[in-house]
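Encoded as structure tokens, the structure appears first; notes follow it.
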Amino acid sequence: MADFYKDNFDSDIMHRNVFKLYLKGDSGGEKKIASLLKRHSVDSVFCFSDFLAKNIFALENLKFNFLSIRNTYKLAGSGYTARSTQKLDDRFKVLQYSKDKPKISKPDILRFARIIGATSRYFHDSAIPKIYAERLYVRWIENSLKGYADECFMVMRGGRLAGLITLKIKEAAGYIDLIGVGENYQGIGLGGVLASRSIEYFKSKNIKNIFVVTEGENLQANIFYQKNGFITQNVELVYHKHF
Ligand SMILES: CC(C)(COP(=O)(O)OP(=O)(O)OC[C@H]1O[C@@H](n2cnc3c(N)ncnc32)[C@H](O)[C@@H]1OP(=O)(O)O)[C@@H](O)C(=O)NCCC(=O)NCCS
């Protein structure tokens, strides 16, 4: 089955008609995909495919570039176990965006767009100008703070952003949308604190399952989610094609 639609957010920023193509199970093969592409005015396609030889050959024949593997992790009900790295020193303040309304500066937003975006498919694709990849993450964070996210938690240190997590709720499931920790503060438990506050938040909303998507090659993030009790739920191949 193929799901194919224009992504207005990406299109807007990249000044191109960007489409997303999801291949769930058997895509129907090369001809089916080619006919989908022909029916629209397509400049770029970002494709996420199940791991299936038929899809792989079809996409390769159509000159899609294999860019990445993305893992969807799920944390179910009681899967989370709080870890010892959860005590931060007093200079760090953990804030809930909807209640504490901290002011996040533009340079902090740009810094975090770079930290979070660096491992993403947008930054890995040499055909996408860095300025667009960066802008995409800047806008994503800005929109999250303006209400696209249902909640955000941040760790502040001396008025500067040291860690950020943005959360969404869709159809009674929780999603970690963006997560990043300042380069100087990684590996000392900030991510763990953000994850545990998020899990508490979802629990308070009666949400049992929490999902997060990350690139397979982002070992740091994969280790982080696994250590926090998340289990791989789905693996997809990521392809880009530009016309
Ligand atoms: C992934 C990330 C959010 C984790 O936050 P963090 O504050 O560094 O994580 P914690 O300190 O709570 O560490 C938890 C575990 O993650 C792993 N980890 C964290 N930093 C690591 C690093 N630099 N290298 C390898 N593993 C690391 C460790 O295994 C650690 O376990 P430990 O406490 O037993 O040593 C953070 O490293 C980050 O911002 N990375 C860049 C942005 C990113 O990749 N975002 C995710 C996109 S989906």
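Read the figures in this text as sums done on the coordinates, not as results from a lab. The structure displayed is predicted, hence computed values, not measured ones. FYI the Cβ positions are ideal-geometry reconstructions off the backbone, even for glycines, and counts take in every protein chain you see.
Summary of computed values
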read-out: Equivalent ellipsoid, the range 66-169 (semi-axes from 5 times Cα gyration tensor eigenvalues, Å); value: 25, 20, 14
read-out: With Cα atoms, 0 to 90° folded angle of helix 130-143 axis to the chain main axis; value: 50 degrees
read-out: Kirkwood hydrodynamic radius over Cα pairs of the chain, then Stokes diffusion coefficient at 20 °C and 1.002 mPa s, in µm²/s; value: 112 µm²/s
read-out: Convex hull of the range 197-243 built on C-alpha atoms - directionally averaged projected area, nm²; value: 4.9 nm²
read-out: Expected 222 nm ellipticity per residue - DSSP helices of 4 or more, -39500 (n - 2.57), all of the chain, to 500; value: -9500 deg cm²/dmol
read-out: Across Lys31/Lys130; Lys24/Lys241; Lys103/Lys130; Lys54/Lys241, pairs whose alpha-carbon gap is larger than 29 Å; value: Lys31/Lys130
read-out: Qualifying trypsin sites (Lys or Arg not before Pro) for the range 92-196 [loop in DSSP, other Cβ within 10 Å: at most 13]; value: Lys103
read-out: Under 13 Å, Cβ to Cβ, from Ser27 - net charge with Lys/Arg +1 and Asp/Glu -1; value: -2
read-out: Solvent-free Debye scattering, log10 I(q)/I(0), computed from the Cα coordinates of the range 127-226 at q = 0.16 Å⁻¹; value: -0.76
read-out: Cα-based helix-to-principal-axis angle, 190-204 vs the chain, degrees rounded to 10; value: 90 degrees
read-out: Taking the chain and dividing mean pair separation by its residue count, relative contact order in percent (alpha carbons under 8 Å, at least six apart); value: 30 percent
read-out: Kirkwood Rh and Cα Rg combined as Rg/Rh, the range 2-63; value: 0.98
